[in-house]
Amino acid sequence: MASTRKKKLSMGNLKIKVSDMPGISADLILHNTNILTLDPKLPDAEMVAVKGNYIIGVGDKNDISTVSNSSTEMIDCQGLTVIPGFNDSHCHPISFALSLVYVDCSPEKVRGIEDIVEKIRQRAKATSEGEWIRAAGYNELELAEKRHPALRDLDRAAPANPIILLKDTGKTCVLNSLALKMTGITGETPDPKAGHIERDPKRGTPTGVLSGLIDEVRMKVPPVKQGELRQGIKLADQFYLANGITSVQDVTWSNSLRHWEYYQELKRDGRFSPRVAVMAGNDNVDEFKQYGLCTGSGNAMLKLSSAKIALDESTGCEHPPQEELNRHALSAHMAGFQIARFTLAMCMTFRQHWKPFDMYGTTTPLR
């Protein structure tokens, strides 16, 4: 249900008329509203009744007395429209939360590389020398220069601070000279099997643009301060609720048991309101298996969904190769996980993704 109230409501019973539920008293009634139920059998209503965490029925204004008593909370919506809440089935809530405390370099905020330089320069003024500056959201195709920023650009912004600038896809980042030094990336560093270090064609030195190395880089970058993370989570929660998003699916391919436990903490403390389905990172399936967790584990507010296997050809190489892909699929399948496939750069990838289904699709009843 699209609302900024921190109450989780199920729309599953909207087709039930309040008049068909004698003897039941609601905890909450929204009235004087235009309700779009999305149920063709009962498309419109004027009030909705809630009991516990569930919507128990809808009706017109004459039905209010049927399901209310002296303890029922009444909210006059003053003619506003009420709709079912939105589900964001492909998102990265924790990364999104972090981006809200990073320097915002999204297309809405910057037009070109000079704007990025200036925004980072301003952040540097409030940052101690040597501390990391994090920026995110740029898209080179939306910049006036139609190219990635490079280390030479970031060096001009804050030469005394290591800088990481994330592209909006989350698969590419740009480091300045100090950040490259601190992460140990040099001209002699070989490309990893699933990544690419962009190099100057004449000198062979890194330009600062790294593709497919986000996780490797983050392992060498200090984590954000807890206060910043808490603020980011708060802002993300407000964003989701303000936009009527009442359930999300975190599809981050590196999700581990630690991420699952962090979501449990957020739910326990009431700091993240939307319902959450968490995909398990394929490399971490065994972690979940050791604790008896698989697809469906959890509760109505936090649930484990599929194991995510990503196939990436964007860097010019197939990763993971077919044999490894098959092993990952079987391992997740036998651990009780549904399998979610993600393809980045679609050449041969769809056909490769389907091969494990042909091989193992009937190994267990799980689909």
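The values are calculated or read from the model by the stated rules, or taken from the named source; none is laboratory data. What you see is a predicted model; the values in this text were computed from it and never measured. Positions of Cβ are backbone-derived with ideal geometry, glycine not excepted, and every protein chain shown enters the neighbour counts.
Working only within segment 107-137, note down all residues that are closer than 15 Å to N161 by Cβ, among the hydrophobic types (A, V, I, L, M, F, W, C) and touching a residue at least 24 places away in the same chain (Cβ under 8 Å).
Hits for segment 107-137 are I116, V117, I120, A124, W132, I133, A135.
Taking V224 as the residue in question, decide whether it is within 13 Å of I94 (Cα to Cα), modelled with pLDDT of 95 or more, in contact with a Lys or Arg (Cβ under 9 Å, 6 or more places away or on another chain) and crowded, with 16+ Cβ neighbours inside 10 Å.
no
Need pairs with beta-carbon distance below 7 Å; first residue closer than 15 Å to I94 by Cα and within segment 237-250, second assigned to a helix (DSSP H, G or I); sequence gap 6+ or separate chains.
V248/P93; V248/Y240; D250/P93
If a residue has to be modelled with pLDDT of 75 or more and either over 26 Å from V248 (Cβ atoms) or assigned to a strand (DSSP E or B) (or both) to count, how many in segment 301-356 make the cut?
Qualifying residue count for the region: 21.
Can you work out which of the residues in segment 213-222 that are within 18 Å of the chain's Cα centre (by Cα) and not β-branched (V, I, T) is nearest to W253 (Cα to Cα)?
Only one residue tops the list, namely D215.
With surrounded by fewer than 16 Cβ atoms within 10 Å (Cβ to Cβ), in contact with a helix residue (DSSP H, G or I) (Cβ under 6 Å, 6 or more places away or on another chain), not in a loop (DSSP other than H, G, I, E, B) and not assigned by TED's automatic domain parsing to the domain that holds S305 as the only criterion, which of R121, R147 stands out?
Sole residue among the options that is surrounded by fewer than 16 Cβ atoms within 10 Å (Cβ to Cβ), in contact with a helix residue (DSSP H, G or I) (Cβ under 6 Å, 6 or more places away or on another chain), not in a loop (DSSP other than H, G, I, E, B) and not assigned by TED's automatic domain parsing to the domain that holds S305: R121.
Scan N282, N243, N255 and give me the residue that is surrounded by fewer than 20 Cβ atoms within 10 Å (Cβ to Cβ) and not assigned by TED's automatic domain parsing to the domain that holds R147.
Every option except N243 fails the conditions.
Out of (1) crowded, with 20+ Cβ neighbours inside 10 Å; (2) assigned to a loop (DSSP other than H, G, I, E, B); (3) charged (D, E, K, R), the odd one out for D63 is which?
So the condition that D63 fails would be (2).
Take the conditions more than 13 Å from Y102 (Cβ to Cβ), of a type in the set (V, I, T) and either buried (at least 18 other Cβ atoms within 10 Å of the Cβ) or assigned by TED's automatic domain parsing to the domain that holds L210 (or both) and apply them to T127. Does it pass?
Answer is no for this residue.
Go through segment 176-220 and give me each residue that's of a type in the set (A, V, I, L, M, F, W, C), in a loop (DSSP other than H, G, I, E, B) and surrounded by 17 or more Cβ atoms within 10 Å (Cβ to Cβ).
The answer is I185, A194, L213.
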